[in-house]
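Please read the structure below before turning to the comments.
What follows is calculated from the coordinates using simple rules that are stated; it is not laboratory data. These figures come from a predicted structure and were not determined experimentally. Cβ sites come from the backbone with ideal geometry, for glycine too, and all protein chains shown count toward neighbours.
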Amino acid sequence: MGAAEALLANLSNTRSAGDQSAGLVMLEVSCKKRLLPCSFCLLAVATPKREIIMKPVVKLDWLALGTKHENSRELKAPLHFQQQATLLLSLTGRNCFLVASVVKTKQTLVLLQLDIILPKNKDLSSILVLQVVQNYKYIGPVLVTMANSSQEEFKLKDTNPQIGERWPTGDMRGGGWWRMSGDKFTSTYDLVEQMHYLYVRVVKAKDLPTNAISGSCDPYAEVKLGNYKGTTRHFEKKTNPEWKQVFAFSKDKIQSSVIEVYVRDREMVGRDDYLGKVVFDLHEVPTRVPPDSPLAPQWYKLEDLRGETKLRGEIMLAVWMGTQADEAFPEAWHADAASIHGENVYNTRSKVYVSPKLWYLRVNVIEAQDVQPNDRSRIPEAFVKAQVGNQVLKTKISPKSTNPQWNEDLVFVAAEPFEEQLVITVEDRVQPSKDEVVGRITLPLHIFERRLDHRPVHTTWFNLEKFGFGILEADKRKELKFATRIHLRVCLEGGYHVLDESTMYISDQRPTARQLWKHPVGILEVGILSAQGLLPMKMKDGGRGSTDAYCVAKYGQKWVRTRTIIDSFNPKWNEQYTWEVYDPCTVITLGVFDNCHLNGGEKPRPGGGGGATGGSAKDSRIGKVRIRLSTLEMDRIYTHSYPLLVLQPSGVKKMGELQLAVRFTCLSLANIIYLYGHPLLPKMHYIHPFTVNQIDSLRYQAMNIVAIRLGRAEPPLRKEVIEYMLDVDSHMWSMRRSKANFFRIMSLLSGVLTVSKWLDEVCHWKNPITSVLVHVLMLILIWYPELILPTVFLYMFFIGIWNYRFRPRHPPHMDTKLSWAEAAHPDELDEEFDTFPTSKPHDVARMRYDRLRSVAGRIQTVIGDIATQGERFQSLLSWRDPRATSLFIVFCLCAAVVLYVTPFKALAVIAGLYMLRHPRFRSKMPSVPSNFFKRLPAKTDSML
């Protein structure tokens, strides 16, 4: 009995009738060297009639073993299958199982989840082990071909949110406390859905009674609305406390018609003493919407529990109905975050951040004088080391001299306010691994000149000290008879834009110096509405999946962070932000993250997201959206739901959707059109450009400075968030990106290839009518050459007019097919997530290195072929081949005579007719010029 037949018998005997189960089967393939698992799996289903039906489901590609062996077996049968099944593979000698969950959609199967689990961690009683695979070795992750239907969930979706809606005019709980005049929301919050809140501002209290036993009072206030309760901080031994705290309760969660404010005395032991309360009827609460002035707080007498007797003490309160546009909203305590206590509350609030003002510090090291080494018997080999913070740069080593010269530029990134200092050190290379300090000086950055253009900067001589006393030690320097001096030209460059993000996704192009800024040309408004269908990102106490999501948006120097919505897979933010636009050819980036700094006891969920694997210390990434402003129509509101995609070692994964409302308002159309003819970056980038290596290094340093400065804010914008928003790893090697870029080039060349194919069909008379029309058009253009350029531009004009009907109506979004994310090999994805330097075992690194060598070898061959063709062209007149050069110069002489005596139009007609000649007059052999060119010599003969 074969393996498949035995498997079917096992399945039929061990499962009861009517049981629907499924399993994953790996049929082994015999090979001379080793056993290879087959490249497909079989789905086995036990039907109610005790029939076993099997069919190939999806291909499994086991890391360089993806080709199907000729001796493999494939059982073909119809697939009888309900909605969902679990596939399982048991590994002999390995205490683990490979479990895949699939769902049926029409005639395809879509992978839901793929896990490697241990039996003791999961109950496998409901999963049938169909076959035990012998001699199995786990080489890498499994590639499962996804169904094409999954492309639909990765697409952009239109939404129709009720943005800028009117206030409701109906009553609530029989009252009319939401009634307004019906006018449209008058604030700038017209790109978000209105969220109505009940605000309670607790300002202070006075004349509170003291405890009869202790003789003191430790008061705090408690605001209670239904099941929600918020408390202020308490003061010790103070009868006139000042709290100045605001509480916000969402209208959707109000479950009471009254709101109560209690004042209590904190007791160390036992229940807190009751000092009094104030009760407000929600029907009588006034409504306030910006730009109305804030509601003035009032003094209220405290009452007993029954509300019948006035007690000693008063409390100052303000209670009103408002929206998220209220000034108190960002700093208010929200009932949604009632489970967050202490300082963790600050990590849930929305904030606006501004990137530090960055400068390029250019240090031109010219020369030094009187460099005296410790060993006076030798001539020093000096070099200069400059340091600003953690940035260290060195000059080259000068030839042996006591007066070395370098004339090198060292460029650093500095941020205002200038906290670091410039440390200049002259060192002597004594041995290849030993350097001795000759002198050092420390200079504060604020003393240097700020340059706005390319004008020359004055040079300065600085005396060096052995131990670097600094610029303020002038008296000590005067005491030195022989001092080493260094000649520097240092300035702060204000004419550059300090790049902290990739130029492909740049959001700001203004130079550092504010004097060089132009007027804004537009306003960008973004309404961050909500997220839908977020996946669990971490496990809270009790093993329950949870997500505490917040959104970060970055454009220009302004970063915004929404408040954190606690424990929700469908958070609603409805926050609107505005940016000034100085150039429409810029990109705004929005990212959604899971807040892991709220409570203890949270554990990251395995495979939950693209965050760090190091625990709850880092906020996990949920997804990112980029919108290029130049792709937006002016004054139009775009409301779409963007897929949040994260690339993981197992493949691309949809983490949810982000709903946005975006509007780009034009302030000056003439200025926008004027910008399209100007350089992308300030002129200093083109007058005194940096090298590619300098740009990469400076960008990395700028990103680190931004991360450090914004990490000091409250709440901090953490480094992992900034790195993800700024694409810090975009320059790293990725086979997936290389394939994607290759196919992008092929897509660009597809038009040329299509025209070439069409022209070849015309030349071979595939369609005689088309060939005749091309002959007529060629003769017209040759006889009237002045019509060629007008015809070309008129043709492009009509193409543009025609394509206007099919213009894109949606902003661009992340394209998994273009990114080559779905078809990427698992090991290629695993390599993309590898650290630098690699942390993988030697055999894996060796395999990847060999693969990279193979790819580079093909690229090397193509580059060599291009170089060969160019060298053959050069050899036409180089006399490397005397006979070929002689033939070519004789041909040139004859061609010059013929072209001189023959009218150009006649030559053009002859050439055109020859190119378009009928196949009857064509030969399948290569042409004479092609044969002659391929025989020319190249420098390949001189290559080792």
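Numerical summary
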{"quantity": "Nonlocal amide H pairs with residue 421, under 5 Å, H built at 1.01 Å", "calculated": "389"}
{"quantity": "Two-site label geometry, residue 392 and residue 806: point separation in nm, points 7 Å out along Cα→Cβ", "calculated": "5.9"}
{"quantity": "Among the listed pairs 624/840; 394/558; 394/683; 253/654; 683/939, those beyond 32 Å (Cα-Cα)", "calculated": "394/558; 683/939"}
{"quantity": "Hits among aspartates and glutamates - C-alpha to C-alpha of residue 434 under 13 Å, sequence gap 8 or more where chains match", "calculated": "381"}
{"quantity": "Cut-off 12 Å between beta-carbons: net charge of the residues surrounding residue 518, Lys and Arg +1, Asp and Glu -1", "calculated": "0"}
{"quantity": "Anisotropy class of segment 332-452 from Cα gyration tensor, a/c 1.5 cut", "calculated": "prolate"}
{"quantity": "Gain in span if fully extended, residue 913 to residue 753, counting 0.36 nm per residue against the direct Cα distance", "calculated": "55.4 nm"}
{"quantity": "Ellipsoid semi-axes in whole angstrom, largest first, where each is sqrt(5λ) of the Cα gyration tensor of segment 834-901", "calculated": "51, 11, 8"}
{"quantity": "Those chymotrypsin sites (Phe, Trp or Tyr not before Pro) in segment 647-681 that DSSP places in a loop and that have at most 15 other beta carbons within 10 Å", "calculated": "676"}
{"quantity": "Mean projected area (nm²) of the alpha-carbon convex hull when segment 245-325 is viewed from all directions", "calculated": "7.0"}
{"quantity": "Using a Förster distance of 41 Å, the FRET efficiency for residue 306-residue 713 (Cβ separation, nearest 0.05)", "calculated": "0.30"}
{"quantity": "Measure of compaction for segment 196-338 (Cα Rg per 2.2 N^0.38 Å)", "calculated": "1.04"}
{"quantity": "Segment 358-493, relative contact order [Cα under 8 Å, separation at least 6], %", "calculated": "31"}
{"quantity": "Extension gain from residue 741 to residue 853, taking 0.36 nm per residue of separation minus the Cα-Cα distance", "calculated": "38.5 nm"}
{"quantity": "In segment 753-852, chymotrypsin sites (Phe, Trp or Tyr not before Pro) in a DSSP loop with at most 11 other beta-carbon atoms within 10 Å", "calculated": "none"}
{"quantity": "Percentage of interatomic Cα-Cα distances in segment 733-833 larger than 18 Å", "calculated": "71"}
{"quantity": "Sites residue 345 and residue 930, calculated FRET efficiency, Cβ-Cβ separation with R0 56 Å, nearest 0.05", "calculated": "0.15"}
{"quantity": "Segment 875-944: C-alpha gyration tensor shape, a/c 1.5 cut-off, then a/b vs b/c", "calculated": "oblate"}
{"quantity": "Amide H contacts of residue 547 (H built 1.01 Å from N, under 5 Å, at least 5 apart or other chain)", "calculated": "537, 567, 568"}
{"quantity": "Listed pairs 357/572; 229/310; 155/618 exceeding 27 Å between Cα atoms", "calculated": "357/572; 155/618"}
{"quantity": "Computed FRET value (nearest 0.05) for residue 767 with residue 879, which takes r as the C-beta separation and R₀ as 56 Å", "calculated": "0.75"}
